[in-house]
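A.B. asks: First, the structure itself, so that you have it in front of you.
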Amino acid sequence: MKTLKQEQTAAEARAVRILRALANPVRFRIVETLADRKDCTGPQLLRALTVPQSSLFEHLAALREAAIVQTSGEGPDRYYCVDPGTLDFLAAYLSGLGQRARSWSGLVERARTEAGMQIRDAAIEDATAIARIYNQGIEDRCATLETQLRGPEERAEWLQARSSRHPVVVAVDSAGVVLGWGSLNSFNPRPAYDHVVDCSLYVAREQRGRGIGDALFGALEARARALGYHKMVLAAFPTNLPGMRLYERHGFLTVGVYHEQGMLDGRWVDVIVMEKILN
C-alpha cells in the first residue's frame, strides 16, 4: 500500500505545510498583524503581540519555512512581511476543494463504471427492495417523520397507484440489485399547484457515500423537467448533514424551517423546506 507521503502531489504537500504552520493561533495572529501592517521588525511584533521573544522568533522561523513570511535585512532591523502569493495559493487550493465538494458528476460516473449502476423506472418486482430501503430510512430517524415500517405488499400497491406524472425510479447495480430509489410526488391536489412537485430519495445503508443519491437526484430532476414541472420542493431534517449537502449540490435553496414540526422517540424535530426553480 502506498503511503500518504508517496501519494501527495506537490500542491497537496505545499497546502499541508501552510495549514500546519497556520494551525498555531500565535502564528495565525502574526500573519494577521503582518497582513494589516505590511511589514514589521521583531521589536514591533513583540509590542503588538505581547509574546515572549524566544517564542516569537520560533514562530517566525516556522512561518518562513512554510514560505508564508519573508524577511529583509539583518539584526534588530530585520523586517518581516507576509508573502501574499502563498496565501493566495492556499485560498485557491481550498476554493478548489470546495468546488470538488459541490461537484457530483464524477462520483456518479465512477458508480456507473465500477458498479455498473443504472437508473431505470421502478417495477412492481422492486417493491420488496424499495420497502427494505425505505424502512432503513424510517429506522435511522434521519430522513423522514414516518414511523410505521412498510411491507412489500403496501409498496406494491403504492407503485401501482402512481400516475405517469409521479414516477418512481431505482438505481440498480450490474446484477440488478436495487441500491436506492427516488420518487416525484404530488405536492398539493389543487390545480394551481400542478407545476410544483415534491421529491423523495432513499439509498440503502450499505450503499451510501458512493454517488447513488446524486445519480437518483439527477434522474429525478431530468424527469421533472421532461414532465414540465416548474419547481421541485422537498422537506428534510437539518440535522441530516449528508442529505443537506446532497440537496445543496443539486442547487436546492432553503425556504425556511418548521421548528418542532414533528416528534420522534419523544423529542421534537425541526424540518427544513427547500426548493429549486427548474425554468
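A.B. asks: If TYR229 meets every condition in (1) at pLDDT below 95; (2) hydroxyl-bearing (Ser, Thr, Tyr); (3) buried (at least 18 other Cβ atoms within 10 Å of the Cβ) apart from one, which number is that one?
C.D. replies: (1)
A.B. asks: Restricting to segment 27-85, and then to whatever is among the small types (Gly, Ala, Ser), under 21 Å from ALA13 (Cβ atoms) and under 36 Å from the mean Cα position of the chain (by Cα), can you tell me which residue is surrounded by the fewest Cβ atoms within 10 Å (Cβ to Cβ)?
C.D. replies: GLY85
A.B. asks: Another question, then. Kindly evaluate ARG110 against the criterion of being closer than 22 Å to GLY251 by Cα, surrounded by 12 or more Cβ atoms within 10 Å (Cβ to Cβ) and among the basic types (Lys, Arg).
C.D. replies: Against the criterion (closer than 22 Å to GLY251 by Cα, surrounded by 12 or more Cβ atoms within 10 Å (Cβ to Cβ) and among the basic types (Lys, Arg)), ARG110 qualifies.
A.B. asks: Being surrounded by fewer than 16 Cβ atoms within 10 Å (Cβ to Cβ), in a helix (DSSP H, G or I) and either in contact (Cβ under 8 Å) with a residue 40 or more places away in the chain or not acidic (Asp, Glu) (or both) narrows it down to one residue among ALA91, ALA131; which is it?
C.D. replies: None of the other options fit; the residue is ALA91.
A.B. asks: Scanning segment 113-128 for residues that are surrounded by 12 or more Cβ atoms within 10 Å (Cβ to Cβ) and farther than 17 Å from TRP158 by Cα, which turns out modelled with the lowest pLDDT?
C.D. replies: Checked segment 113-128; the qualifying residue modelled with the lowest pLDDT is ALA115.
A.B. asks: Scan ASP214, ASP265, ASP270, ASP198 and give me the residue that is touching a helix residue (DSSP H, G or I) at 6+ places or on another chain (Cβ under 6 Å), in contact (Cβ under 8 Å) with a residue 24 or more places away in the chain and acidic (Asp, Glu).
C.D. replies: The unique qualifying residue is ASP214.
A.B. asks: Does GLY96 count as closer than 30 Å to PRO152 by Cβ and either in contact with a strand residue (DSSP E or B) (Cβ under 9 Å, 6 or more places away or on another chain) or outside the structural domain of PRO242 (by TED's automatic domain parsing) (or both)?
C.D. replies: It is false that GLY96 is closer than 30 Å to PRO152 by Cβ and either in contact with a strand residue (DSSP E or B) (Cβ under 9 Å, 6 or more places away or on another chain) or outside the structural domain of PRO242 (by TED's automatic domain parsing) (or both).
A.B. asks: To continue, here is another question. Do any strands (runs of 3 or more DSSP E) entirely within segment 160-273 hold 1 or more residues that are within 22 Å of the chain's Cα centre (by Cα) and closer than 25 Å to ARG150 by Cα, and if so, which?
C.D. replies: 168-172, 178-186, 196-203, 231-236
A.B. asks: Turning to a different aspect of this structure: Take segment 159-182 and flag every residue that is at pLDDT 95 or above, surrounded by 13 or more Cβ atoms within 10 Å (Cβ to Cβ), in contact with a helix residue (DSSP H, G or I) (Cβ under 8 Å, 6 or more places away or on another chain) and not β-branched (Val, Ile, Thr).
C.D. replies: Selection gives LEU159, PRO167, ALA171, LEU179, GLY180, TRP181, GLY182.
A.B. asks: Tell me, please, whether a residue that is aliphatic (A, V, I, L, M), more than 26 Å from ARG225 (Cα to Cα) and over 32 Å from the mean Cα position of the chain (by Cα) can be found in segment 134-145.
C.D. replies: Checked segment 134-145: no residue is aliphatic (A, V, I, L, M), more than 26 Å from ARG225 (Cα to Cα) and over 32 Å from the mean Cα position of the chain (by Cα).
Residue by residue, here is whether (1) modelled with pLDDT of 85 or more; (2) farther than 30 Å from LEU179 by Cβ; (3) in a helix (DSSP H, G or I); (4) not assigned by TED's automatic domain parsing to the domain that holds LEU184 holds:
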site	(1), (2), (3), (4)
ILE30	yes, yes, yes, yes
LEU56	yes, yes, yes, yes
ARG64	yes, yes, yes, yes
ALA67	yes, yes, no, yes
GLN70	yes, yes, no, yes
ALA111	no, no, yes, no
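The values are calculated or read from the model by the stated rules, or taken from the named source; none is laboratory data. As the structure is a computational prediction, the values presented were derived from the model and not from experiment. Glycine gets a Cβ as well: all are built from the backbone with ideal geometry, and neighbour counts include every protein chain shown.
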